[in-house]
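Accompanying notes for the structure given below.
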Amino acid sequence: MGDVDLVFRALADPTRRALLDELFARDGQTLVSLTARHDMTRIAVAKHLKILEDAGLIVSRRRGREKLHYLNPVPIRLVHDRWVSKYTEPWAAGLVGLKHELEDQMEKVFEIYIRTTPERLWEAITDPVIRAKYHFGASIESDWTVGSPYRLGHPAAERPLMEGENLVVERPNRLVQTMRALWGPDAERAGTSRVTWEIEPVGDSCRLTVVHDQLPPDAPAELYGGWPMILSGLKTWLETGETLTTPGSLMYRQQ
């Protein structure tokens, strides 16, 4: 059964769609909190979560003794890019745009499987020419050493779109960076957050997990909403050599 088949199978069940709705409304929930909202046993809810996780629609991460579940919109973004965008005006970057009112900082988790090697995936993340092919046409510049700065920019933009510091550089498996968005006043007011790229080989592919955390509770969705589009573009380019022409990828295209 292919990845897309797993996604459609997972979405076919109304209970699993309801669980995704719960995570859409409040991300990072435990099994206990999700069970409390459904007239089901904890074991039954756990089985549904396992199917969603196998399809890549949710990602689980441990924090202390708790296991938290996060919505992963990337597979839905890929389904959209394959079919929906051919016929309709593409929608905003897939299951984003919700402003969470939480007491703690927000954490967003995105996961995708790409048929490539860790070395080639690392190159695609750090090489300025390749990065521009899937990151809205913007290239990245850095010497990729611990403590060094980086900047993301585009020739059509008057100033850098993003800047930060490389906190952890473990080629080709892990990259941790601070992130300060500069493309607009709302994004700039959100201050500095953190982005972690984790690359894990799985057979002839890699599992790429991007964790965007240390976001303020009122962070605008534009800070994290583009990740599904970026990651689907990265997968498409590495596996096919083609680039996506979604609205975000054309945002800063020169006239």
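The values are calculated or read from the model by the stated rules, or taken from the named source; none is laboratory data. The model shown is predicted, which means the values in this text are computed figures rather than measured ones. All Cβ positions, even for glycine, are placed from backbone atoms using ideal geometry, and neighbour counts span all protein chains on display. Calculation scope for accessible area: heavy atoms of the full protein, side chains included, ligands and nucleic acids excluded. Shrake-Rupley method; radii C 1.70, N 1.55, O 1.52, S 1.80 Å.
Structure notes:
- Per the Debye calculation on segment 113-163 with a single equal scatterer at every Cα and no solvent contribution, log₁₀ I(q)/I(0) for q = 0.18, 0.19, 0.21, 0.22 Å⁻¹ amounts to -0.60, -0.66, -0.77, -0.83.
- Of K47/K235; K67/K235; K50/K108; K67/K133, those spanning more than 26 Å from alpha-carbon to alpha-carbon: K47/K235; K67/K235; K67/K133
- Among 8-20, 35-47, 120-132, 227-239, the order from most to least packed when residues are scored by Cβ within 10 Å on average: 227-239, 120-132, 8-20, 35-47
- Take 142-148, 113-119, 202-208 and order them by the average number of nearby Cβ atoms within 10 Å per residue, most first; the result is 113-119, 202-208, 142-148.
- Accessible surface of segment 128-239, 1.4 Å probe: 49 percent of it comes from carbon and sulfur atoms.
- The Cα atoms of segment 172-230 cover 43, 20, 19 Å along the three principal axes, with the biggest extent listed first.
- Taking N as its residue count, the alpha carbon Rg of segment 16-65 over 2.2 N^0.38 Å: 1.05
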